[in-house]
Every structure is written in C-alpha cells, then in structure tokens.
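Below you'll find the structure, written out as structure tokens, and then a few comments.
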Amino acid sequence: MIRNRVAVPSSRIGRGFDRRTLLRGGGALAAAGTLAACGVPSAYVPESKRTGVDKSEQDKRVRFSNWALYIDVDDEDENAHPTLDAFAEETGISVKYTEEINDNDEFFGKIHPAIQAGKEPGRDLIVISDWMCTRFVGLGWVQELDKANLPNVQANLAPSLRSPGYDPERKHTVPWASGITGIAYNRKALGREIRHVEDLWAKDLAGRVTLFSGFMEAVTLLMIGEGADVTAFTEKDVDKVMERVQKLVDRKHIRSFTGNDYTSGLASGDVMACMAYSGDVLQLQLDNPDIEFVVPEEGAELWSENLMIPNKASHKANAEALMDWYYRPEVAADLAAYVQYICPVPAAREIIAASDDEEVAVLADNELMFPSEETQARLHTMREVGVDESRGWEKAWGGIIGL
C-alpha cells in the first residue's frame, strides 16, 4: 500500500512524501495475532535475553534501517546524506544506511525470526510507526536505552512527545519525525471554513468527502470528533464512530474510503474535503495554496515514527550516539527542512528561521512543521490498542466500508 508521492517541484524543499497509509496498515496487528495462532503463545522476550555483546568501542560503525525518502539527500549525489556524513566525520563512526522498511507488517515479519531465536538482527537502529512500537515494546523486542548516552534527547525533545502511551518514559523509543491527522479542504472552492470534524457531514458536501480506509488511520480523528477522550477511550466510543460512519455510507455521503489516492482527488477538485496528513498537505500547497489543513477545534491526532534498537544489536552505543546526533538543534533543523514533517526538536525552528535560503527560512512559520502551543494543546495520541480488542473492530470496520 505504498502511497503515490505528490508531484512537487524538484528542489530541496518538498522532497518528502507522505507515508501514513503505508505506515499504518492494519495487517501488522493481524501479524502479531498470527504468532499466537501458529503456536508461539507470546513471542515475548524477557529483559534478561535482550542485550548482546556491544562491539561499539572496537567496531566503529552502525547499521541504520529506515523508510524511503525519510532523510536529507545531497543535491548533487542522491546516495549521499549530509547529516549522516557529518556524523561519521565528527565521531569516526561509519553508517550503513538502508532504506529497507516498506511496510510495518512486512518488517515485523522480516525481523521476527532473528529476534525470536535470540540472534543478532543485522540492524542496530530502526524507524517504526508509533502503533507498531506498541508491539515491539510490548513483546520485548527492543533494548532499553542508556539515557546517559542521550543528553541532547533529554534536553531537546519536545514536551508533547515525551510520554506516549506505548513508552511512557521513553525507555525504548526516540521520535524521528511526527505528523498530524486532520482535515484538508479547498477553502476557495467550498466558500467557507471547516472548523470541526462534524463539518464534514454537512449536506452540501455529500459525495465530496473521503475518509481513510484503514481503521487505525481513521478511528482516532473520528472519535475526537464525537467527543471521546482518545487517551482512554472505550468500546462504546468506537461503537459510536461505527454507527456514525454506517449512516454516512447508507446515505452515500462518503465518496470513497481512500489509501494512496486521496491527495489526487483533493488536487483535482473531485474531493472537496477529506481526512488528511499534515505532510501531504504541505506538499499540495506548493501547487495549490487554496488547499488548507485544519486541526479541528476539538482536536486531532498526533503520531510519530520512532527510532529503536532491536534486541541483540551489536553496536548499541553507536546507535545511541546517532540517535543523540539528530537531537542537536542544528542537525534536527537540516533534517526537518528536507523531510518537512513535524520536528521533534523545537529549538530547530530558530535555526531554520535564520537560514539564508528564503525557501528554508519560511518553513519556521509553518504550523505543519512547528505547531504553536495553541495547536499542540489540541493534539492527542491514542491509547495503546490490544490485538484482541482491535481484531473485532477491524472486521466491523471492513464490513462498513465494503472490504
């Protein structure tokens, strides 16, 4: 389910692409359940079996696995990554950077045999979506971080990202980048503002609205729109969303449930308003400034992708050094200016604002990269969802949307 990249000008601005459909597929929840079904009752790895021999001191390298197009690239050499090159030059630690993560479910299955067998996984640092971090942390598949090696993280991590439900004390995870699930619409074409989730249900938008097809993608914003506390929601809150969406489907209000293609409908005008990700809209605005992104007054979802060190990784200290490198404000600024997602280091904003490159400097005032305190107060992270409770919801959701 890899998303089509939005067509944008070929400059250092706008090189990022949205990956949330790809990141938040429901299949990984099923994968976790499949482990139990196949005779692996827990797949849990106890703390005593997670660490291996750390060769960082004598072997100055680190193996870093990431998603495609999720790091800065040199303007003249697409295989070079300036922030990684600078790290290697300063620390003497070489980085083997691999864009091998294409899907959470796929990567879960790829790394599972080594983790389950207690073997060295061939990777020291990985970037995984927040909902999948719940699985990795819960199963004991990642090592606890040595915070003494992470002074920049401790000093510079945004307060809003310090205590997610899947890792309340950030013992196992460090954010790489974040984004918002909210609403996008063409204000000029619509002729009025959208300020609430319920505004999507207005009669004049019948057949012109799209929602995400993935349950985990869609449910948080919809629950917020129904007044639920998504940090502590109940089955009744989910049922309320299901009933709402079923009624909308019955009266043909929803044009479609989308994955890769929602941006194209919004860009063409076939879709007037839709669920959207902040990173997508920032790119769309380059070609059409009439498209706006809204954090509803009642709130929206804040999500993140996170750095983790898998069990038995043999260069743990080097991986922690690389984690901490990206929390230097000047390094975080370089990365953020390129990928254009929410930067987890607020101090990077001033550095971007002071850039001699006007196209970079203007990003400091972009709410989709540096949300204001007012906006941050309306951003929420959904509580952990267990495999057992999710399985029934996924099935019911699939029935409503026609899967």
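The values are calculated or read from the model by the stated rules, or taken from the named source; none is laboratory data. Quick caveat, the model's predicted, so the values are computed rather than measured. So basically every Cβ, Gly included, is an ideal-geometry build from the backbone, and we count neighbours across all protein chains shown. SASA here: full protein model, heavy atoms, side chains in, ligands and nucleic acids out. Shrake-Rupley method; radii C 1.70, N 1.55, O 1.52, S 1.80 Å.
Taking K and R as +1 and D and E as -1, what net charge do the other residues with C-beta under 15 Å from the C-beta of P346 add up to? Can you show the working numbers first?
Values: positive: R162, R328, R349; negative: E330, E350, D365, E367, E373, E374.
So the surrounding residues net to -3.
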Query raised in the report: Which angle between 0 and 90 degrees, to the nearest 10, do you get for helix 82-91 versus the longest principal axis of the chain when only C-alpha atoms count?
Result: 30 degrees
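What does the charge dipole of the chain about its Cα centre add up to, to the nearest 20 debye, if the Cβ of each Lys and Arg holds +1 and the Cβ of each Asp and Glu holds -1?
Numbers: 43 positive and 65 negative charges, 304 e Å.
Charge dipole, the chain, about its Cα centre: 1460 debye, nearest 20.
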Report task. Please give the net charge around Y97, taking every other residue with its beta carbon less than 12 angstrom from that of Y97, where Lys and Arg add +1 and Asp and Glu add -1. Result -> -1
Requested in this report: Along each of the three principal axes of the Cα atoms of segment 222-273, give the extent in whole Å, ordering the values from largest to smallest.
Outcome: 38, 25, 16
Report summary line: Under 16 Å by backbone N from the virtual spin label 7 Å along Cα-to-Cβ at T231, the residues of segment 373-390 are 374-385
**Report entry** Under 25 Å from K147, Cα to Cα: lysines that are on another chain or at least 8 residues apart
**Finding:** K49, K55, K60, K96, K119, K171, K312, K316
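Determine the sum of side-chain charges near G138: Lys and Arg each +1, Asp and Glu each -1, restricted to other residues whose C-beta is under 11 angstrom from that of G138. Mind showing how you got there, number by number?
Numbers: positive: R135; negative: D167, E384.
Residues close to G138 contribute a combined charge of -1.
Given 0.36 nm per residue, what is the gain on full extension from T98 to K60 after removing their alpha carbon distance, in nm? Please report the intermediate quantities before stating the final value.
Working: separation 38, 0.36 × 38 = 13.68 nm, distance 1.73 nm.
The T98-K60 span can extend by a further 12.0 nm.
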Query raised in the report: Amide H of S94: which non-local residues (sequence gap of 5 or more, or other chain) have their own amide H closer than 5 Å, using H built in the peptide plane?
Result: R61, V62
Query raised in the report: Per the helix-only calculation at 222 nm, which mean residue ellipticity applies to the chain, given -39500 (n - 2.57) for every DSSP H run of n ≥ 4 and division by its residues, nearest 500 deg cm²/dmol?
Result: -10500 deg cm²/dmol
Query raised in the report: In degrees, nearest 10, range 0 to 90: what is the angle between the Cα axis of helix 104-117 and the longest Cα principal axis of the chain?
Result: 30 degrees
Requested in this report: Roll a 1.4 angstrom probe over the protein heavy atoms and tell me the percent of accessible area of segment 52-118 that is carbon or sulfur.
Outcome: 44 percent
Report task. Taking a cut-off of 26 Å between Cα atoms, list the lysines near K203, but don't count ones fewer than 8 places away on the same chain. Result -> K188, K240, K247, K252
Query raised in the report: Residue by residue through segment 303-314, which ³J(HN,Hα) values in whole Hz follow from phi under the Karplus form 6.51 cos²θ - 1.76 cosθ + 1.60 (θ = phi - 60°), with glycine and proline marked x?
Result: 10, 8, 10, 10, 7, 9, 10, x, 3, 6, 4, 8
Query raised in the report: Applying 1/(1 + (r/R0)^6) with R0 = 51 Å to the Cβ-Cβ distance of V53 and Q246, what FRET efficiency is obtained, to the nearest 0.05?
Result: 0.40
Query raised in the report: Of the beta bridges DSSP finds with both residues in segment 143-287, what % are antiparallel, to the nearest 5?
Result: 45 percent
Report summary line: antiparallel share of DSSP beta bridges within the chain, to nearest 5, in %, is 55 percent
Query raised in the report: Out of D72, D199, D130, any idea which swings most in a Gaussian network model of the chain, alpha carbons joined below 10 Å?
Result: D199
Report task. Give me the compactness ratio for the chain, meaning the Cα radius of gyration over 2.2 N^0.38 Å. Result -> 0.97
**Report entry** HN-Hα J in Hz across segment 279-293 - Karplus 6.51, -1.76, 1.60, θ = phi - 60°, x for Gly and Pro
**Finding:** x, 4, 5, 4, 6, 4, 5, 4, 9, 9, x, 6, 7, 10, 10
Requested in this report: Compute the FRET efficiency between D77 and K119 as 1/(1 + (r/R0)^6), taking r as their Cβ-Cβ distance and R0 = 41 Å, and round to the nearest 0.05.
Outcome: 0.75
Report summary line: With the charge dipole of the chain built from beta-carbon charges (+1 for Lys and Arg, -1 for Asp and Glu) about the Cα centre, the Cα from G122, L69, P46 projecting farthest to the positive end belongs to P46
Query - Spin-label zone in segment 251-292 - amide nitrogen under 12 Å from a point set 7 Å from the Cα of V362 along the C-beta vector - result: 285-289
Query raised in the report: Given H placed on each backbone N at 1.01 Å, which residues far from E298 in sequence or on other chains put an amide H within less than 5 Å of it?
Result: V197
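Grab the beta carbon distance between D287 and S372, set R0 = 25 Å, and tell me the FRET efficiency rounded to 0.05. Before the final figure, lay out each step's value.
Working: r = 25 Å, r/R0 = 1.01.
For D287 and S372, the calculated efficiency is 0.50.
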**Report entry** Assigned charges on the beta-carbon of Lys, Arg, Asp, Glu; segment 225-355 dipole about Cα centre (debye)
**Finding:** 320 debye
